Amino acid sequence: MKNKIIDGIKGFIIGDALGVPFEFKARDKFVCTGMTGYGTYNMPPGTWSDDTSMMLATIAAMIKSGGKFSPLFTMMEFEKWYIQGEYTPYGKAFDIGNTTRQAINRFNLTNDINGCGGTQESDNGNGALMRMLPIALLPVPVKHKMSIARKAAALTHAHSISLSACEMFVAVVDNLLKGETVDNAIFNAWYMERYSILEPLRYIGRLERSQIKSSGYVIDTFEAALWCLQANDSFKGCVLSAVNLGGDTDTIAAITGGLAGIVYGIQDEAVEWWERIARREFIEKIVQDWLNILKIG
């Protein structure tokens, strides 16, 4: 279990870094074959974005609250990331979604965790989904994790679509940790609550690549990640497939990488990719401190 957790987190960060140079680029106008750099943000190879930053901030908040999820501590760590540059590869946040930024600004003005998350249908970007992995990895019953996911998502993305997507993501991860096949993990996660908005995820593996959208809309992102997981049989294949969909490449590849890391582990070329990740030792310490508090050894 410890190895699956670590490989899931590493896979997430590798996917993020693979996707950063290609964010917003159109599908089939480029080809990603490995860890590269520069591109969209002119950052060196191994640079990770807000996806990893917010995941690390979520973990750091749990460390400070004794291993439990604390909405207040979480928003405080998000504030440190956005305003002070904590949990970034080079001391400054360079990528943040509008809904997330607005939520942090509201919290900064009021210090109130209630009501800072966006509730409009337009507030359904993937900024909550991209930081659900640590919650999905907690050693508690899945229903409890799904409840935490709703609270965590609502800090920035409080619309029901985002809440449902985050709940189902947590259930998918829990099923994969238990060793279920990818198909069963997805279907059983959906079946728990039978989310109408997420019903197409049940048969996502039947779709062709041309039918998969790769936008920042939370449902598109979730569908793309699950499709990449089902369409490939290796970690490398999953994450490169995700990046090469184009669009919101860092987030889609990060979420895909987290899932694929649990299923396939980090091996072969992916080990070399991990060694090129910025502030690798910093990340490894945070993760180990978190595992120690959770008593996962």
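Can you say whether residue 196 is outside any helix (DSSP H, G or I) and without any contact (Cβ under 8 Å) to a residue 12 or more places away in the chain, as far as the supplied structure shows? Against the criterion (outside any helix (DSSP H, G or I) and without any contact (Cβ under 8 Å) to a residue 12 or more places away in the chain), residue 196 qualifies. Among the numbered criteria (1) within 23 Å of residue 52 (Cβ to Cβ); (2) over 15 Å from the mean Cα position of the chain (by Cα), which one does residue 136 miss? It fails just one condition, (2). In the stretch 197-217 there is at least one residue that is within 23 Å of residue 22 (Cβ to Cβ), within 13 Å of the chain's Cα centre (by Cα), small (Gly, Ala, Ser) and at pLDDT 95 or above.
Count of the stretch 58-87 residues, restricted to those that are in contact (Cβ under 8 Å) with a residue 40 or more places away in the chain and of a type in the set (A, V, I, L, M), is 6. For the stretch 125-134, the condition holds for at least one residue, the condition being that it is part of a helix (DSSP H, G or I) and either of a type in the set (Lys, Arg) or farther than 22 Å from residue 16 by Cα (or both).
The requirement of being modelled with pLDDT under 95 and surrounded by 16 or more Cβ atoms within 10 Å (Cβ to Cβ) is not satisfied by residue 226.
Does residue 116 fit the bill of being closer than 19 Å to residue 96 by Cβ and part of a loop (DSSP other than H, G, I, E, B)? Yes. Residue 19 meets all of the listed conditions (1) without any contact (Cβ under 8 Å) to a residue 60 or more places away in the chain; (2) in a helix (DSSP H, G or I); (3) touching a helix residue (DSSP H, G or I) at 6+ places or on another chain (Cβ under 9 Å) but one, namely (1). Exactly one residue out of 63, 113, 104 is among the hydrophobic types (A, V, I, L, M, F, W, C), modelled with pLDDT of 95 or more, closer than 14 Å to residue 155 by Cβ and surrounded by fewer than 23 Cβ atoms within 10 Å (Cβ to Cβ), and it is 104.
The set of residues from the stretch 36-60 being crowded, with 24+ Cβ neighbours inside 10 Å and aromatic (Phe, Trp, Tyr) comprises just one member, 48. The criterion of being within 23 Å of residue 139 (Cα to Cα), out of contact with any His (no Cβ under 8 Å at 6 or more places or on another chain), touching a residue at least 60 places away in the same chain (Cβ under 8 Å) and assigned to a loop (DSSP other than H, G, I, E, B) holds for residue 296. Does the stretch 235-255 contain any residue that is among the polar types (S, T, N, Q), surrounded by fewer than 22 Cβ atoms within 10 Å (Cβ to Cβ) and either in contact with a helix residue (DSSP H, G or I) (Cβ under 6 Å, 6 or more places away or on another chain) or under 16 Å from residue 4 (Cβ atoms) (or both)? No - not one qualifying residue is present in the stretch 235-255. Here are the criteria: (1) touching a residue at least 12 places away in the same chain (Cβ under 8 Å); (2) aromatic (Phe, Trp, Tyr); (3) surrounded by fewer than 22 Cβ atoms within 10 Å (Cβ to Cβ). Tell me which single one residue 273 does not satisfy. Every condition holds for residue 273 apart from (3).
The values are calculated or read from the model by the stated rules, or taken from the named source; none is laboratory data. Keep in mind that what you see is a predicted model, and the values were worked out from it rather than measured. Methodologically, a virtual Cβ is constructed for each residue, glycine included, from the backbone with ideal geometry; neighbour enumeration extends over all protein chains shown.
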